[in-house]
Amino acid sequence: MDSYRRYKRTGWLAAAILLVIGAFILSLFLGKYPLGLADLLAGDTQAGKVFFTLRLPRTIMAVAGGFGLGAAGWVYQMVFRNPLAAPDVVGVSSGASAGAAAAILFLSAAPALVTAGAFIGGLLAVLLALGLSALAPGKGHGTIVLAGVAVHSLAQTVLMFLKLAADPEKELASIEYWIMGSLNAVTLTKIGVPLLVCAAGLVVLFLLYRQIQILSVEEGEARLLGVSVGRMRLLVLLAATLVVTAVVSVTGLISFVGLLAPHTARLLIRENGKTALWLGGLVGSILLCGADMLARSVAAAELPVSIFTSLLGAPFLIYLMMRRGGWE
Amino acid sequence: MKETLLTVEGLCGGYGAHFALKDISFAIKKGTLTGLLGANGSGKTTLLKMLCQQMKHEGTCVLSQKEADAQEGLILEQLSSRRLARLVSYIPQRTGITVSMAVLDVVLMGFQPVLGLLERPGRAQRQQAQQALEMLGLGAYVQRDFLSLSEGQKALVLLARTLVEDSRLLILDEPDSALDLPNRYGFLSRIAGLIKERESGGILSLHDPQLALHFCHQLILMKEGRLVGRICPEVDPLPEMEAALGQIYGPVTLVECAGRDKRRRLALLWEQQKDLTPDRGQEEER
């Protein structure tokens, strides 16, 4: 029985890794500009340029970003002990949106500036939410949710003001487009720092895996297991949020990956341990990479990637839900 | 005469002006189980929270050192949370595990106080956890989802977790509330056996006085935040115990009898109070 479970776990992990690799390769050669391996090897400069400045960064971002969102989603669901928890709970997404909008409005719509603005906005929102909850007397995970809701609506208000102030022809369109999320504008120069931040956050999360698991237990019980709950939760949430902010600052808002990927992983292997964390990340990669491929090839114009993350993810999740009710 | 394990002195404190514990003092001997009895809201859970140092209070809880030559006891109030976690383990009324995870992972949490921040449980520790589960008859459930277990099995998994913790003081909050009759007796007799074997001590709040009389070496009776009586079911004379229990339950009669094992047991009969409706029969708890 145990060995069967282990085979099943490794099987799904291996399948997911193969799928990620497949999606990665497919994504490199899929798009408006026809690109073949032969062109690249033949030293076609145009092909090389497309490959290295457009396809490669975009694909790397899709795979890494999806992994980050999926893994962070698992962490949020554990720490908040809520299957619906997502980065929005601590106000990251709306903070990043407000930051991006501010950058578009006051600086320029240059991608690097928007990324920086979104990153700072998201970070500010999280620090504000976590800081507020640390100041509050209770310090329970309920406090963090409340602080997050407050910061989220605050950021939404700021965003609304910025939209009102924006020039509807150009700036407002840029803001809206950013909020819808796309990997269209990903270039090699833009992804360096965000990927580093994302990787650092992920390393922290994987190292603290055991602590995260204990944080999913009721507070008093966790404390009597010897965890300083307040501090550890702050650290874990900060790391998870850094990952999300780093990804979102490059891609714009991407809905559902953080929510769907961990659930899909859990339903596939029917357990919630470290394998679920890995698989959650990998499913996120597949989802985002697949959605991005569709976003750039379905219509003549680029479509927002969030349309396809939901379109791909939701039916699959529903199928898994219906396949066999609940856990065994 | 058994040695003292825990000395609780002058515990006071609570939730503002509405409710407070007032000057609770008692001691727990090594290898024994202490039961807390009292009506809802009498302060049982509050007292347990204070013992776990999860609630601010005045007064001290002193745990004797393991080494016989150590003179000074450990003042629980002054210990770091990691140190405390090694010495005291706690089984809540209903576990706070609401996210699904493998049974083995739940048990491995017991090693948290001895592991470094980034350290993982080693092979020996995994084996120890597996053995604890096997000892409690849960060998087949190692990789199961904890949430899919019955309440009785969950309680046993948490007991396995405290087994690997190897702590000196076990604190249980109403372990009888979620369990059916055979599970209650089974669970508590395992705990009593474990505590005796390890020379540790246990304190638990209970609703069922019958169960308390059966398993506990000492009963602490609480009413409105005060300690109103202390009885040792094995030695105290029946009328004395009846009077003490009467303070919290109303008039009761204790009947001495023997089970099939010929061991002396006490049955508690709850006596009808005059002002209650006359047509309701006597409630007998066995």
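The values are calculated or read from the model by the stated rules, or taken from the named source; none is laboratory data. Just so we're clear, the structure is a prediction, and the values are computed from it rather than from any experiment. Backbone-built Cβ (ideal geometry, glycine too); neighbour counts: all protein chains shown. Protein only, heavy atoms only, side chains kept; ligands, DNA and RNA dropped before computing areas. Shrake-Rupley method; radii C 1.70, N 1.55, O 1.52, S 1.80 Å.
Exceedance of the 22 Å cut-off in Cα-Cα distance is limited, within the set B:LYS66/B:LYS196; B:LYS44/B:LYS66; B:LYS22/B:LYS56; B:LYS2/B:LYS154; B:LYS29/B:LYS196, to B:LYS44/B:LYS66; B:LYS2/B:LYS154.
Would segment A:5-108 count as rounded, prolate or oblate if I go by the C-alpha gyration tensor, calling it rounded below 1.5 in a/c and otherwise prolate when a/b exceeds b/c, oblate otherwise?
The shape class here is oblate.
Of all DSSP beta bridges confined to the protein assembly as shown, the antiparallel ones make up roughly 65%.
Solvent-accessible area of segment A:2-324 (1.4 angstrom probe, protein heavy atoms only): carbon and sulfur portion equals 76 percent.
Result for chain B in a Gaussian network model with C-alpha springs under 10 Å: among B:PHE215, B:PHE111, B:PHE26, the largest mean-square fluctuation is at B:PHE26.
On a per residue basis, chain B carries 48 Å² of accessible surface, using protein heavy atoms and a 1.4 Å probe. Taking every C-alpha pair closer than 8 Å and separated by at least 6 residues, the mean separation divided by the residue count of segment A:271-328 gives a relative contact order of 26 percent.
What you get for segment B:67-181, charging only the Cβ of Lys and Arg (+1) and of Asp and Glu (-1), is a dipole of about 500 debye around the Cα centre.
Would segment A:170-328 count as rounded, prolate or oblate if I go by the C-alpha gyration tensor, calling it rounded below 1.5 in a/c and otherwise prolate when a/b exceeds b/c, oblate otherwise? Display every interim value, and only then the final one.
Working: a/c = 2.51, a/b = 1.41, b/c = 1.77.
Oblate, because a/c is 1.5 or more while a/b does not exceed b/c.
Distance between the C-alpha centres of segment A:178-245 and segment A:61-139: 11 Å, rounded to the whole angstrom.
Where does the charge balance sit around B:LEU115 when Lys and Arg score +1, Asp and Glu -1, over other residues with C-beta under 15 Å from its C-beta?
On the way: positive: A:ARG210, B:ARG82, B:ARG83, B:ARG86, B:ARG120, B:ARG123, B:ARG126, B:ARG161; negative: B:ASP105, B:GLU119, B:GLU165, B:ASP166.
Residues close to B:LEU115 contribute a combined charge of +4.
Which one, B:VAL99, B:LEU227, B:SER89, projects farthest toward the positive side of the charge dipole computed for the protein assembly as shown from Cβ point charges (K/R +1, D/E -1)? The listed residue farthest towards the positive side: B:VAL99. Taking the centroid of alpha carbons for each part, segment B:207-221 and segment B:131-192 are 19 Å apart.
Were the residues from A:ALA199 through A:ARG323 laid out at 0.36 nm apart, the gain over their Cα-Cα distance would be 41.2 nm.
Contact with the other protein chains removes 20 Å² or more of accessible area, compared with the isolated chain and a 1.4 Å probe, from these residues of segment A:265-280: A:ASN272, A:LYS274.
The residues packed around B:THR4, meaning those with a beta-carbon under 9 Å from its beta-carbon, carry a net charge of +2 if Lys and Arg are +1 and Asp and Glu are -1.
Rounded to a whole number, what is D in µm²/s for chain B from Stokes-Einstein with the Kirkwood radius over alpha-carbon pairs (25 °C, 0.890 mPa s)?
Working: Rh = 20.1 Å.
This corresponds to a translational diffusion coefficient of 122 µm²/s.
Ranking A:ILE21, A:ILE144, A:VAL197 by how far each Cα lies toward the positive end of the dipole of segment A:2-324 (charges on Cβ) leaves A:ILE21 at the top.
Between helix B:181-198 and chain B there is an angle of about 60 degrees, using the helix long axis and the longest principal axis of the Cα atoms. Let me have the relative contact order for chain A, percent, based on Cα pairs under 8 Å that are six or more residues apart. That works out to 28 percent. Angle check, please: helix B:123-135 long axis (alpha carbons) against the longest principal axis of chain B (alpha carbons), in degrees 0 to 90, nearest 10. Helix B:123-135 sits roughly 30 degrees off the main axis of chain B.
Pairs on different chains or at least eight residues apart, Cα atoms closer than 25 Å: how many lysine pairs in segment A:2-324 fit? List each step's numbers first, then the result.
Details: A:LYS8/A:LYS274; A:LYS32/A:LYS49; A:LYS32/A:LYS170; A:LYS32/A:LYS190; A:LYS49/A:LYS190; A:LYS163/A:LYS190; A:LYS170/A:LYS190.
Lysine pair count for segment A:2-324: 7.
Once the 1.4 Å probe is applied to the protein heavy atoms, segment A:78-117 comes out at 33 Å² accessible per residue. Bridge orientation summary for chain B: considering DSSP beta bridges with both residues in this region, about 65 percent are antiparallel. Chain A and chain B together bury an accessible surface of about 2800 square angstrom, both sides counted, with a 1.4 Å probe and no ligands or nucleic acids included. Charged side chains reduced to their Cβ positions (Lys and Arg at +1, Asp and Glu at -1) give chain A a dipole of some 820 debye around its Cα centre. The Cα atoms of chain A give a gyration tensor whose axes a ≥ b ≥ c have a/c of 1.5 or more with a/b no greater than b/c, which makes the shape oblate.
Here the accessible area is traced with a 1.4 Å probe on the protein chains. For chain B, carbon and sulfur cover 48 percent of it. Our helix-only sum for the protein assembly as shown, with -39,500 (n - 2.57) per DSSP H run of n ≥ 4 divided by its residues, gives a mean residue ellipticity at 222 nm of -17500 deg cm²/dmol.
Suppose every K and R has +1 on its Cβ and every D and E has -1 on its Cβ; what is the size of the dipole of the protein assembly as shown about the Cα centre, in Debye to the nearest 20?
Details: 57 positive and 50 negative charges, 284 e Å.
It works out to roughly 1360 debye.
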